[in-house]
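The values are calculated or read from the model by the stated rules, or taken from the named source; none is laboratory data. None of these values were measured; they are calculated from a predicted model. Please note: Cβ atoms are built from the backbone with ideal geometry, for glycine as well, and neighbour counts cover all protein chains shown. When the accessible area is computed, the model is the full protein with side chains, heavy atoms only, and any ligands, DNA or RNA have been set aside. Shrake-Rupley method; radii C 1.70, N 1.55, O 1.52, S 1.80 Å.
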Amino acid sequence: MKKIFVAALAALAFAAAASAQPRNVGGYLGVISQGVFYQHSITESQFVQVDLGTAFVALNNSVPGFRASASYNFNVLSKGDGFFNLYLGPGLGVGRDMSVLALQKKNGSDSRIEANRNTYWHAGVVTRFGVEMNFRHHMTLSIYHAPMLGVYWGSRTLSNYDLDNPGSYPGKSEGDKVMAVGAVDAFNLYQMFPTIALSYRF
């Protein structure tokens, strides 16, 4: 009974200490992605961040995918009594990207539609680095980048639809499987732009 009582007191103390740590909750906006995130401070200079959001791999004819990541970050430079912080940290990420591109092509009197559908899963190591500014009224503005290095796999399918012969639908379809190791989105043009985040501290 005594051990149970001591364990219960320890659990309450741990929960109280965890709840006393500063936390942030907010949203982020990138060129092709947007979502929500949560930060939990471990010490004055270390914090965990978890992101969850949607992603578009093409600006046109795209289907929203999703991305999720978690990182352990370190404040490497702090100015103005915590007003300005420069941070970086490693983490893990996973997600799925989808895109559908349909083009109508004409060859003389023949007309057809080519539909290119790509679906990719990816998982790997995330390196997050950025700056944050802590304002009054518990608001925090962050600008960061979180490229991923890992594995991506999926499929590409190309379908042809003959508009002059509707009975031929769905037409010919050719597809192949893709699996590779490399920079999942570090060298994606759109992902090279930074992400802007706004959060509330409590």
Given (1) open to solvent by less than 50 Å² (accessible area, probe 1.4 Å); (2) over 15 Å from SER69 (Cβ atoms); (3) at pLDDT 60 or above, identify the lone condition not met by SER168.
(3)
Tabulated pairs, the stretch 21-36, first closer than 18 Å to MET133 by Cα, second assigned to a loop (DSSP other than H, G, I, E, B) and open to solvent by 30 Å² or more (accessible area, probe 1.4 Å), C-beta under 6 angstrom, 6+ apart or interchain
ARG23/PHE202
Can you find, within the stretch 101-154, the residue that is modelled with the highest pLDDT among those that are part of a strand (DSSP E or B) and among the basic types (Lys, Arg)?
ARG128
Whether any residue in the stretch 74-97 is at pLDDT 90 or above, open to solvent by less than 50 Å² (accessible area, probe 1.4 Å) and among the polar types (S, T, N, Q) is what I want to check.
yes
Go through the stretch 22-51 and report how many residues are modelled with pLDDT under 90, outside any strand (DSSP E or B) and surrounded by 13 or more Cβ atoms within 10 Å (Cβ to Cβ).
4
In the stretch 20-47, which residues are in contact with a helix residue (DSSP H, G or I) (Cβ under 8 Å, 6 or more places away or on another chain) and among the aliphatic types (A, V, I, L, M)?
VAL31, ILE32
Output the residues belonging to the stretch 53-67 that are surrounded by 15 or more Cβ atoms within 10 Å (Cβ to Cβ) and at pLDDT 85 or above.
GLY53, PHE66, ARG67
